[in-house]
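Each remark here refers to the structure printed beneath this line.
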Amino acid sequence: MKISIITATYNSEATIADTINSVLNQDYSDIEYLVIDGGSSDGTLDIVKANAPRFDGKLRWVSESDRGIYDAMNKGIRMATGDIIGILNSDDYYTSNDVLSTYADAFKTSKVDAVYGDIHFIREGQPHKIARYYSSKIFRPALLRFGFMPAHPSFYVRRSVYEQAGFYSLDYKIGADFEMMVRLFKKHRISYKYIQKDMVTMRMGGASTSGVGSHKLLLKEDARACRENGIYSNTFLIALKYFYKIFEFRI
């Protein structure tokens, strides 16, 4: 069972080496690694090219202008030949060396469409201290109206699901991952399995997690995603999730 890992990059020279090494250190070898670069002007591509021989032909990369991260993800999905597809952001890395084998075992022993787990966030300069722990354990499709979804970096899905459901919508600036979740769980009724395991380490400060402006935009886009996929919701209902998320942070 081949797993395709997609990493979208743009001027990621400060972090991409950690991402690449975490893929190389996995104990599961039936993979392909797809790096989709948006035309970086720093040393990102130099790092990717320098590490390519270590993948023994399992790494493919492209570098060209795009319409943002979701466009890059879509390019990766189109390129993917694996049975399973997962997305690993260019400033994230796998928390342990058995993450991919955990996914493979889960898909092999069940007939579910998607498998997901937990992730955690770290602050700059504190790589070994958990700043926030995002557990996907409570997720149920009924909670989509409140903006809850499985942690996207932990969400691995069969390629056939994307072939049926389509790609990430480029009409969303920072909420296309949530819209995809709503579409998959609501419209396509995918089957799923949760694994209580910390899969991915994320650095604080992503586009959808930093700044008041980004949170306001995300509320609007999440409400729109629900509305466009037949779920009643509004920005007030979705904002309620922030009271729950307070407890994810570690002092």
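Gap in Å between the Cα centre of the range 142-187 and the Cα centre of the range 56-77?
19 Å
Can you show me the helix-derived [θ] at 222 nm for the chain, built from DSSP H runs with n ≥ 4 at -39,500 (n - 2.57) apiece and divided by the number of residues, rounded to the nearest 500.
Working: 9 runs with 80 residues, N = 251.
That comes out to -9000 deg cm²/dmol.
For the range 1-109, what class follows from the C-alpha gyration tensor (a ≥ b ≥ c being the square roots of its eigenvalues): rounded when a/c is under 1.5, otherwise prolate if a/b is larger than b/c, else oblate? Walk me through the intermediate numbers first.
Numbers: a/c = 1.89, a/b = 1.46, b/c = 1.30.
Since a/c reaches 1.5 and a/b is larger than b/c, the shape of the range 1-109 is classed as prolate.
Is there a quick way to get the dipole size of the chain? I mean about its Cα centre, with the Cβ of Lys and Arg at +1 and of Asp and Glu at -1; what is the value in debye to the nearest 20? Could the numbers behind the result be given before it?
Working: 33 positive and 29 negative charges, 230 e Å.
Here the chain has a charge dipole of around 1100 debye.
Sorting Arg250, Arg224 on the 10 Å Cβ count, fewest up front, what's the list? List each step's numbers first, then the result.
Numbers: Arg250 11, Arg224 18.
Ordered from fewest to most neighbouring Cβ atoms within 10 Å, Arg250, Arg224 come out as Arg250, Arg224.
Looking at the range 1-109, what % of its DSSP beta bridges pair antiparallel, to the nearest 5? Kindly include the intermediate steps, with their values, before the conclusion.
On the way: 0 of 16 bridges.
Counting DSSP beta bridges with both partners in the range 1-109, the antiparallel share is about 0 percent.
Among rounded, prolate and oblate, which fits the range 145-251 when a ≥ b ≥ c are the square roots of the eigenvalues of its C-alpha gyration tensor, a/c under 1.5 means rounded, and a/b larger than b/c means prolate?
Details: a/c = 1.60, a/b = 1.17, b/c = 1.37.
It comes out oblate by the Cα gyration axes.
For the chain, which span is the longest to avoid every loop-located (per DSSP) member of GluC sites (Glu not before Pro) having at most 14 other Cβ atoms inside 10 Å?
So the longest stretch without any such site is 125-251.
Set the bar at 19 Å for Cα to Cα. Now go through Lys2/Lys108; Lys187/Lys216; Lys49/Lys173; Lys2/Lys173; Lys129/Lys197; Lys137/Lys241 and name every pair that lies beyond it. Present the calculation step by step, with values, prior to reporting the outcome.
Working: Lys2/Lys108 11 Å; Lys187/Lys216 26 Å; Lys49/Lys173 29 Å; Lys2/Lys173 31 Å; Lys129/Lys197 17 Å; Lys137/Lys241 15 Å.
Distance filter (> 19 Å) returns Lys187/Lys216; Lys49/Lys173; Lys2/Lys173.
Nearest 5 percent is fine: what portion of the DSSP beta bridges confined to the range 110-210 is antiparallel? If you can, show how the numbers build up before the last one.
Values: 6 of 14 bridges.
Antiparallel bridges: around 45 percent, rounded to the nearest 5.
Over the chain, calculate the relative contact order: mean separation of alpha carbon pairs under 8 Å at least 6 apart, over the residue count, as a percent. The partial results should precede the final answer.
Working: 481 pairs, mean separation 53.7, N = 251.
It rounds to 21 percent for the chain.
With a ≥ b ≥ c the root eigenvalues of the C-alpha gyration tensor of the chain, is it rounded (a/c under 1.5), prolate (a/b larger than b/c) or oblate? List each step's numbers first, then the result.
Values: a/c = 1.42, a/b = 1.29, b/c = 1.09.
Rounded is the answer for the chain, as its axis ratio a/c remains below 1.5.
Return the percentage of antiparallel bridges among DSSP beta bridges fully within the chain, rounded to the nearest 5 %. Each step should come with its number before you reach the end.
Numbers: 12 of 36 bridges.
Of those bridges, close to 35 percent are antiparallel.
Rule-based calculations on the coordinates, nothing more; no lab input. Because the structure is a prediction, the values reported are computed rather than measured. With ideal geometry, Cβ positions are generated from the backbone for all residues, glycine too; neighbour counts draw on all protein chains shown.
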